[in-house]
Amino acid sequence: MCIRDSFKLVVTFGLAGMYCAMQQLKPFNPLIGETLEATLEDGTIIFIEHTSHHPPISNFYVQGPKDIYKLYGHYEYKVKIAPNSLTSDQDGPNVVEFPDGQRITYHYPLVEIRGLIFGDRVVFATGNMVFEDVENRLKAVIVLDYGKRRNFYSSRKKGVKLDEFVGLIYVPKKEEKEAKGAKKKKEVYAIEDLKDVETQIAKVTGSWLEYIKIGEETYWEMDKIRPLPLKFKEDPLPTDWRYREDLIWLRRENMEIAQEWKVRLEVEQRRDRATRAKYTKKK
């Protein structure tokens, strides 16, 4: 497989899995040091550990079957709340490495929930999703919710659904060294706004709820390609999430004891945080 083909597959992978995380249920806050170990039926190995409480950060490592790839990185979970909406950011790099040395990084876009108090409840991805293979000079910029208005005075594009996107895979211009303190690159609202394109390779179109096309080829269709189910490890580490007392009692449908354990674990977390802060000051 050539480097451009593997790059296109990583772009597809990043976009096709987005819908799996689009849920409105509030998760249990993981405890620092809490882990998850699982496999997929194709031999993929998955390991996750929650490594920071404030800010909340989780690290992950995925090893493909027969070591055909590695996926690793970390996420810092950030939330901004407005009167009738919420924006979440799963900030952190996703790094994909192949045996030939190719290394591709990408970041997930923002997720916005509208209609928290009034109006229709809507969940959608917004902003840009950028994939980069610096060594081989490959880049892809995906514009999520590309029908949105650019500013207060503009209007939304008609006929464009919230889940539709456009993007471009291309060879970027050789970067000049940025000045210290340079401003963060602005979000682009259309692929025509990209300023660093040297050579276009292929356009990316579709919907993260329906299909993905790169050029004229369909790489993914939601109705035909579904994610493999997780199989949790039978003999996990003692820090595994299944050993949390609050979750154990919740599964037993004893809400009173589950709540008692939830409060107890929160108290322990705060105490441990204070101890870490005290030790850090001494150093």
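Could we say that residue 100 is assigned to a loop (DSSP other than H, G, I, E, B), out of contact with any strand residue (DSSP E or B) (no Cβ under 7 Å at 6 or more places or on another chain), closer than 23 Å to residue 146 by Cα and modelled with pLDDT of 90 or more here? Walk me through it before giving the result.
Values: assigned to a loop (DSSP other than H, G, I, E, B): yes; out of contact with any strand residue (DSSP E or B) (no Cβ under 7 Å at 6 or more places or on another chain): yes; closer than 23 Å to residue 146 by Cα: no; modelled with pLDDT of 90 or more: yes.
For residue 100, the condition - assigned to a loop (DSSP other than H, G, I, E, B), out of contact with any strand residue (DSSP E or B) (no Cβ under 7 Å at 6 or more places or on another chain), closer than 23 Å to residue 146 by Cα and modelled with pLDDT of 90 or more - is not met.
Which of (1) out of contact with any helix residue (DSSP H, G or I) (no Cβ under 8 Å at 6 or more places or on another chain); (2) over 29 Å from residue 139 (Cα atoms); (3) of a type in the set (Asp, Glu) is the odd one out, the single condition residue 34 does not satisfy?
Here residue 34 meets the rest and fails (1).
Restricting attention to segment 244-261, report how many residues are open to solvent by 100 Å² or more (accessible area, probe 1.4 Å) and not in a helix (DSSP H, G or I).
Of the residues in that region, 2 qualify.
Being among the hydrophobic types (A, V, I, L, M, F, W, C) and under 20 Å from residue 20 (Cβ atoms) is the filter; apply it to segment 121-142 and report the residue that is farthest from the chain's Cα centre (by Cα).
Result: 122.
How about segment 8-60: which of its residues are among the aromatic types (Phe, Trp, Tyr) and surrounded by fewer than 14 Cβ atoms within 10 Å (Cβ to Cβ)?
Correct list: 28 only.
So which residues in segment 62-89 are of a type outside the set (S, T, N, Q), in a strand (DSSP E or B) and surrounded by 15 or more Cβ atoms within 10 Å (Cβ to Cβ), if there are any at all?
First, the residues of segment 62-89 that are of a type outside the set (S, T, N, Q): 62, 64-83, 86, 89.
From what is left, the residues that are in a strand (DSSP E or B) are 62, 70-82, 86, 89.
The answer is 62, 70, 71, 72, 73, 74, 75, 77, 86, 89.
Could you check how many residues of segment 226-237 are open to solvent by 100 Å² or more (accessible area, probe 1.4 Å) and either acidic (Asp, Glu) or at pLDDT below 95 (or both)? Spell out how you get there, then give the answer.
Applying the first criterion (open to solvent by 100 Å² or more (accessible area, probe 1.4 Å)) to segment 226-237 yields 226, 231, 234-235.
Okay, now just the ones that are also either acidic (Asp, Glu) or at pLDDT below 95 (or both), so 226, 234-235.
Adding up the residues that qualify gives 3.
Each row is one residue, and each column tells you yes or no for (1) more than 30 Å from residue 50 (Cβ to Cβ); (2) open to solvent by 20 Å² or more (accessible area, probe 1.4 Å).
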| site | (1), (2) |
| --- | --- |
| 91 | no, yes |
| 102 | no, no |
| 111 | no, yes |
| 123 | no, yes |
| 141 | yes, no |
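Restricting attention to segment 66-85, report how many residues are over 20 Å from residue 109 (Cβ atoms) and either in contact with a helix residue (DSSP H, G or I) (Cβ under 7 Å, 6 or more places away or on another chain) or among the charged types (D, E, K, R) (or both).
Number satisfying all stated conditions: 3.
Can you tell me which residue is nearest to residue 172 (Cα to Cα) among those in segment 206-218 that are open to solvent by 50 Å² or more (accessible area, probe 1.4 Å) and not in a loop (DSSP other than H, G, I, E, B)?
Only one residue fits best here, namely 213.
Could you list, in sequence order, the residues of segment 103-143 that are at pLDDT below 95 and aromatic (Phe, Trp, Tyr)?
108, 118, 124
Does any residue in segment 182-205 that is within 19 Å of residue 11 (Cβ to Cβ) and surrounded by fewer than 16 Cβ atoms within 10 Å (Cβ to Cβ) come within less than 8 Å, Cβ to Cβ, of a residue that is at pLDDT 85 or above and of a type in the set (Ser, Thr, Tyr) six or more places away or on a different chain, and which pairs are these?
Filtered contacts from segment 182-205: 198/170; 199/170; 200/170.
The values are calculated or read from the model by the stated rules, or taken from the named source; none is laboratory data. Not measured: the values here are computed from a predicted model. Don't worry about glycine lacking a Cβ; one is built from the backbone with ideal geometry, like all the others, and counts go over all protein chains shown. Note: accessible area is taken over every heavy atom of the protein model, side chains too, but ligands, DNA and RNA are not part of it. Shrake-Rupley method; radii C 1.70, N 1.55, O 1.52, S 1.80 Å.
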